[in-house]
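Step one of this worksheet: look at the structure below.
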Amino acid sequence: MSRVLVIGAGLAGSEAAWLLATRGVSVVLAEVKTLKLNPAQKISTFAELVCTNSLKSMDPDSAHGLLKTEMRALGSLVLDVANATAVPAGDALAVDREHFSQQITHRLSHHPLIQVIAFEASDPIALMQEHNCQHVIVASGPLTTNPLETWLTENLSSEDIYFYDAIAPVVDADTLDYSKLYYKDRHKQPDERADYLNAPMNKEQYDAFIAEMVAAEKVPPKDFEDWKFFESCLPIDLMAERGPETARFSCMKPIGLELPDGSEPWAVVQLRKENLQGAAFNLVGFQTRLTYKEQVRVFRMIPGFEEASFIHLGSCHRNSFLNSRKLLNSSMTSLKFPQMSFAGQITGVEGYTESAAMGLYVAHQLWRRLQGLEELAWPKETGIGALVNYVMTIEKPAPSNINFGLLPNIEMTREQRKSGPKKKVRKQLAAQRAREVFSGFSQQL
Ligand SMILES: Cc1cc2nc3c(=O)[nH]c(=O)nc-3n(C[C@H](O)[C@H](O)[C@H](O)COP(=O)(O)OP(=O)(O)OC[C@H]3O[C@@H](n4cnc5c(N)ncnc54)[C@H](O)[C@@H]3O)c2cc1C
């Protein structure tokens, strides 16, 4: 009988252990929290929801709803227990987090094929061998403890493992005023095809913007966070505090971004496509510590952003994650250590549901491998397929929640465009397509 070590009984590790055990694989589940809690944890039971108690929307036309449909098809323990411990929250799946965590712990600890060990893993390969396992799944989460982090940086990669995720805001392309923006790539000729959209500022606009950013309210670091930012990844507001010119010599530099009339703006905010379809743009270099409310207020000072709505806002927080595109294959298995896979937030997704979904995906791929079956290529049109595609293709890793911007674009007919608000109709069509594609694909599960 195959035997697998799972490190971490969080959202992803719990799903992975349960999927494997319920499919006849013997599992050793190593979890440190009964020995010591990390600063975000309050309880010693498994799959702790460390902040909100919401697993987000159940609406089948929502991105999180899609993911849940697919997770149920894989026999999700998290969703099963969440339904049993749900508290009223509209179309969101919110839970009584203590009962939720207790029930997950009970189900895992009482499964005949799961051996739970209270242990802080530091060397996953050695621990795998010590417990006579053929494979190890590392699902140690955003607050992976130091000994394991050290092993990962020393044995897997020192460059492609990140400890803080400084996220830049992503703006909805439909809400920009293009009369104030222009396409141009730095140092390219104006008539050459360009990928970057630019928001130019004159001196007055720039000075007012920088002054507002310095004065704006910031999110204080949590007591367990001492922000050591990479100089190459400084939050834009920290740059502004360092001096009014800093940003203009960094991510807002106008060099090589002449306006269509040939003149050079005083400063520029560059926008990079967030997905192939250009349905969303991220603000290059705008990772920030500003509170969400202040981001909306201050970033709407950018020309063309007066009515902007943000698909997600920026933040900086402690978060261990890999550059999966460089270190893993599409089943989240290490290229260097084929007997080791990664699951959950550490793969570069963000969120409870996303992490649990990755736990199911990775365990299912591994289960197929252990049965001698081909691993499956999940279609990008599905929720799980879109998440996998995102972490395996994103150039500059930035943990992401599931959102429709990760799914392939959907062309609308004239009738469909007339049938309602464009954004809403497009999401409904993308959700319908995802369900159709998944129902065909799920025959193979
Ligand atoms: C402070 C904070 C707040 C968050 N708030 C939200 C939110 O409100 N909503 C949301 O959707 N997402 C939130 N997230 C993001 C994310 O969804 C959660 O962190 C989620 O729990 C990630 O799931 P996971 O399974 O990858 O990791 P976790 O659920 O963190 O599980 C990892 C487990 O591994 C264990 N572990 C770590 N190192 C070792 C080791 N060396 N040996 C053995 N065990 C180990 C940990 O104790 C933990 O139980 C938050 C993250 C943080 C850090």
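In this structure, does VAL25 turn out to be touching a helix residue (DSSP H, G or I) at 6+ places or on another chain (Cβ under 7 Å) and touching a residue at least 12 places away in the same chain (Cβ under 8 Å)?
On the way: touching a helix residue (DSSP H, G or I) at 6+ places or on another chain (Cβ under 7 Å): yes; touching a residue at least 12 places away in the same chain (Cβ under 8 Å): yes.
Judged against the criteria, VAL25 is a match.
Listed here are the residues, each with its yes/no results for (1) crowded, with 20+ Cβ neighbours inside 10 Å; (2) of a type in the set (S, T, N, Q); (3) touching a Ser or Thr at 6+ places or on another chain (Cβ under 6 Å).
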residue	(1), (2), (3)
SER315	yes, yes, no
LYS336	no, no, no
ALA343	yes, no, no
GLN371	no, yes, no
LEU387	yes, no, no
GLU395	no, no, no
SER400	yes, yes, no
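Restricting attention to the stretch 6-36, the residues that are within 9 Å of the ligand (Cβ to nearest atom), out of contact with any strand residue (DSSP E or B) (no Cβ under 7 Å at 6 or more places or on another chain) and not β-branched (Val, Ile, Thr) total 7. Filtered by the rule that a residue be surrounded by fewer than 24 Cβ atoms within 10 Å (Cβ to Cβ) and either in contact with a Cys (Cβ under 9 Å, 6 or more places away or on another chain) or of a type in the set (Asp, Glu) (or both), the stretch 1-30 gives SER2, ARG3, SER26, VAL28. What pairs can you find where one residue is in the stretch 176-191 and over 21 Å from PHE305 (Cα atoms), the other is acidic (Asp, Glu) and open to solvent by less than 100 Å² (accessible area, probe 1.4 Å), and their Cβ atoms are less than 9 Å apart, with a gap of 6+ or different chains? What qualifies is PRO190/GLU258. Quick check: is even one residue across the stretch 407-416 touching a residue at least 60 places away in the same chain (Cβ under 8 Å), over 27 Å from LYS56 (Cα atoms), more than 16 Å from the ligand (Cβ to nearest atom) and open to solvent by 70 Å² or more (accessible area, probe 1.4 Å)? No - not one qualifying residue is present in the stretch 407-416. Highlighted here are the helices (runs of 4 or more DSSP H) found entirely within the stretch 307-405 that include at least 1 residues which are assigned by TED's automatic domain parsing to the domain that holds VAL78 and free of Cβ contacts under 8 Å to residues at least 60 places away in the same chain: 352-370, 383-393. Return the residues of the stretch 128-160 that are farther than 21 Å from GLU31 by Cβ, touching a residue at least 12 places away in the same chain (Cβ under 8 Å) and either within 13 Å of the ligand (Cβ to nearest atom) or hydroxyl-bearing (Ser, Thr, Tyr) (or both); say none if nothing qualifies. Residue satisfying the conditions is SER157 alone.
In the stretch 161-175, the qualifying residues are those that are open to solvent by less than 20 Å² (accessible area, probe 1.4 Å) and either of a type in the set (Asp, Glu) or without any contact (Cβ under 8 Å) to a residue 40 or more places away in the chain (or both), and the one that is nearest to ASN403 (Cα to Cα) is ASP172.
The rows are residues; the columns are (1) out of contact with any Asp or Glu (no Cβ under 8 Å at 6 or more places or on another chain); (2) surrounded by 21 or more Cβ atoms within 10 Å (Cβ to Cβ).
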position	(1), (2)
GLN339	yes, no
VAL349	yes, yes
ALA357	no, yes
ALA363	no, yes
ARG368	no, no
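Number of residues in the stretch 151-176 that are modelled with pLDDT of 85 or more and aromatic (Phe, Trp, Tyr) equals 1.
Would you pick out the residues in the stretch 37-82 that are touching a strand residue (DSSP E or B) at 6+ places or on another chain (Cβ under 9 Å), of a type in the set (Ser, Thr, Tyr) and more than 10 Å from the ligand (Cβ to nearest atom)? Correct list: SER57, SER62.
Screening GLN134, GLN205 for residues that are outside the structural domain of ALA343 (by TED's automatic domain parsing) and either out of contact with any Leu (no Cβ under 8 Å at 6 or more places or on another chain) or not aliphatic (A, V, I, L, M) (or both) leaves exactly one candidate, GLN205.
Taking the conditions exactly as written (loosely packed, with under 12 Cβ neighbours inside 10 Å, in the same structural domain as ARG368 (by TED's automatic domain parsing) and under 30 Å from GLY285 (Cα atoms)), does LYS424 satisfy them or not?
In short, yes.
It is to be established whether one or more residues within the stretch 293-305 are buried (at least 23 other Cβ atoms within 10 Å of the Cβ) and within 16 Å of the ligand (Cβ to nearest atom). No, every residue in the stretch 293-305 fails to be buried (at least 23 other Cβ atoms within 10 Å of the Cβ) and within 16 Å of the ligand (Cβ to nearest atom). Taking each residue of the stretch 257-270 that is touching a residue at least 12 places away in the same chain (Cβ under 8 Å) and looking for partners that are open to solvent by 80 Å² or more (accessible area, probe 1.4 Å) with beta-carbon atoms closer than 6 Å, six or more apart or interchain, yields GLU258/GLU264; TRP266/LYS203. If I filter the stretch 351-361 for residues that are within 15 Å of the ligand (Cβ to nearest atom) and more than 18 Å from the chain's Cα centre (by Cα), do I get at least one hit? So far as the stretch 351-361 goes, no, none of its residues is within 15 Å of the ligand (Cβ to nearest atom) and more than 18 Å from the chain's Cα centre (by Cα). Within the stretch 194-209, being open to solvent by 20 Å² or more (accessible area, probe 1.4 Å) and more than 16 Å from GLY256 (Cβ to Cβ) holds for ASN202, LYS203, GLU204, GLN205, ASP207, ALA208. Taken over the stretch 297-328, residues that are modelled with pLDDT of 95 or more, out of contact with any strand residue (DSSP E or B) (no Cβ under 6 Å at 6 or more places or on another chain) and over 15 Å from SER157 (Cβ atoms) amount to 7.
The values are calculated or read from the model by the stated rules, or taken from the named source; none is laboratory data. Every value quoted in this text rests on a predicted model; they were computed, and no experiment measured them. Glycine gets a Cβ as well: all are built from the backbone with ideal geometry, and neighbour counts include every protein chain shown. Just so you know, the surface numbers come from the protein's heavy atoms only, side chains and all, with ligands and any DNA or RNA stripped out. Shrake-Rupley method; radii C 1.70, N 1.55, O 1.52, S 1.80 Å.
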